[in-house]
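Since the structure comes first, as structure tokens, the remarks are kept for the end.
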């Protein structure tokens, strides 16, 4: 049987224009997927009831990634690492979280990356600066990676779907609004079944 597709990697590759490497062993000096490796991501989980609410909306648009990708704001896109490096990565993320402080986030309205990328998303109307500061701390040290474009925090609700569906998603959720306190971020691990799950949560100031 072939490898399970990586839906979060596809989402990040299109919606977040970072370099994502997925096959072979080494490519350009970078570790890529193979034996004794893991694919990780770092993100702010959207808390309940909003996480499930937006996931259900994504399912309603028949997005095949809806059940595999928990609702989130990306801090670091899918990255292949050695499993032996996970303890050092968790130590790094713990330090990155320790210098942060909880902050209010407002999700409000929608936007799109079309025509550059077939993505509709809910806007981060408040909390974007704090997300950017966290992203910079995460993407350093053992997780230092080169970003091809400026960081743009958002919550994807439709991806790789026909234009009319992307437009409909943008229109339906145009008045969407959610307010909550962001208390930290999470390390996600991509499972063999294609589903992303939280491996560890890192509270701010912790």
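Every number here is computed from the coordinates shown, using simple stated rules; none is lab data. In this text, all values refer to a predicted model and were calculated from it rather than measured experimentally. When we count neighbours, we look across all protein chains shown, and the Cβ atoms used for this are built from the backbone with ideal geometry, even at glycine.
Exposure proxy shown here: for 185, 202, 180, the number of other Cβ atoms within 10 Å sets the order, fewest to most, as 180, 202, 185.
Over all Cα pairs of the stretch 7-203, how is the pair count split among 10 Å bins, expressed in % and running from 0 up to the last occupied bin? Bins of 10 Å from zero give 9, 37, 38, 15, 1 percent of pairs.
Across all directions, the average flat footprint of the convex hull enclosing the Cα atoms of the stretch 121-196 is 7.3 nm². The relative contact order of the stretch 7-203, computed from alpha carbon pairs under 8 Å that lie at least 6 residues apart in sequence, is 28 percent. Sorting 85-97, 69-81 by their mean Cβ neighbour count within 10 Å, with the most densely packed peptide first, gives 69-81, 85-97.
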